[in-house]
Structure formats: structure tokens, C-alpha cells
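Written out below as C-alpha cells is the structure these notes cover.
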Amino acid sequence: MVSCTVRDWQGKEAGQAEFEVKVASEETAAGLVHRALTRQMANQRQGTASSKTRSEVRGGGRKPWRQKGTGRARAGSIRSPLWRGGGVIFGPKPRDYSVQMNRKERRLALTTALSSRAESLIVVEDFSAQLSRPKTKEIIAALGRWGVAPEAKTLLIVSEKHETLYLSVRNIENVKLLLADQLNIYDLLAADSIVVTQSAIAKIQEVYGG
């Protein structure tokens, strides 16, 4: 079980929040999280890199010179991989880099990673009502009141999408906004600080189970 202090919009303590999610055992946790992370990064690769072999390069149908008597090395095509402008030997071809991992393992890896970041977790009260209009300065000021360093890479987790909040956050270079039911392991591990609202905590409990 993870217990955190809840802070209000002004940064003052406003109570306690607790949540409990299933985590992997100490023996398997590191390997499980690593597999989930490499899977996510591999699945983001497009796999569209492609080079042409000697059979695909345009031209080269005629033998450049006769086989014997010239004093030069024998050559059958100007599109040989040995020639400039020729084909590529063992070059990249389109391929699928995706890695499979079953759903239970993915969720267990995600909740394990979240629990491992408990020390970096900052729980705040829902503050969407505090933003009457998009205002980036107010979000930056609030993050400072919550104890987030200005240069820290911050992950902000909310339960529902609010247009005003999205517009306020999108121009902050080191802040990323995520919904509680759309968490991913890379962002959880890459963030220096994780700010999560109380309703998002409840949503995480609901989606990922206790």
C-alpha cells in the first residue's frame, strides 16, 4: 500500500491518500519492467527503412566491358555492390519490430513501475475548477507550490480530459499530461516528478485493480 500526502491548489497539506495495486515479486520485478519497457520502445519503431539490392537498382543491364583483354578486373554490371551507385549488400528492408507481451504481464509491469515511483509521487486535489481559462503561468506557479523543480521532467496524471487544462499545459516543454487510464511504462519511468490528482488515483485503482 502506498500512502501520500494530498496537497491543495495552494500547496498546503489537505489530507492523506492511499492506494494499493498488485506488484511483481522482488525477484521478477526488474526483468518484467525491463521487458515491458523494451516492448513499448520497439513497438514505436516504424520499420520502414529500406535499401535496394543489385536486382532492384535501375540500370546495369549491359556488361561494362568485355571479359578479357582489357587489363581491368572482370565486371558484369555497373550495379554490382562493389560499384558506386550499385546495390547494397545486407541492407535494411521493411520489417516489423513489434514485441508481444500478454495483457496481465503488461498491467503488472505498469503497476510495479508506478509503485516503484512512490517517492516521486505528488498527490493533489482536483484543480480543473481553478482554471477559468487557459493560463500556462498558473500551472507553472502551482507546480512550484507543490514542490516540483522548474527544470524537472514532470508527468501530470488526471482522471478526465479538460480542454482548459490541456491548453494550459501543452506549451510547457518539460510537462506531459496523461489520463489515468492511458498510462504507459516509459513516461512513468522517465519522469523526475509525478503529479497525480485524487480522482486519478481512484481511476487507477478502478482500471488497474487493487
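The values are calculated or read from the model by the stated rules, or taken from the named source; none is laboratory data. Since we're looking at a predicted model, the values are computed, not measured. Don't worry about glycine lacking a Cβ; one is built from the backbone with ideal geometry, like all the others, and counts go over all protein chains shown. Surface areas here come from the heavy atoms of the whole protein model, side chains and all, with no ligands, DNA or RNA. Shrake-Rupley method; radii C 1.70, N 1.55, O 1.52, S 1.80 Å.
Which ones in region 21-47 are in contact (Cβ under 8 Å) with a residue 60 or more places away in the chain and open to solvent by 90 Å² or more (accessible area, probe 1.4 Å)?
The answer is Lys22, Arg35, Met41.
Go through region 153-179 and count every residue that is in a strand (DSSP E or B) and polar (S, T, N, Q).
1
Could you please find all residues in region 142-188 being among the β-branched types (Val, Ile, Thr) and in contact (Cβ under 8 Å) with a residue 40 or more places away in the chain?
Listed by number, the residues that qualify are Val148, Thr154, Ile157, Val158, Ile185.
List the pairs whose first member sits in region 189-210 and is without any contact (Cβ under 8 Å) to a residue 60 or more places away in the chain, whose second member is surrounded by 15 or more Cβ atoms within 10 Å (Cβ to Cβ) and part of a helix (DSSP H, G or I), and whose Cβ atoms are under 7 Å apart, counting only residues at least 6 apart or on separate chains?
Ala200/Ala180; Lys203/Ala180; Val207/Ala180
So which residues in region 70-88 are open to solvent by 30 Å² or more (accessible area, probe 1.4 Å) and in contact (Cβ under 8 Å) with a residue 24 or more places away in the chain?
Arg79, Pro81, Gly85, Val88
From the list Ser50, Ser55, Ser3, which one is open to solvent by 60 Å² or more (accessible area, probe 1.4 Å) and at pLDDT 95 or above?
Of Ser50, Ser55, Ser3, the one residue that is open to solvent by 60 Å² or more (accessible area, probe 1.4 Å) and at pLDDT 95 or above is Ser50.
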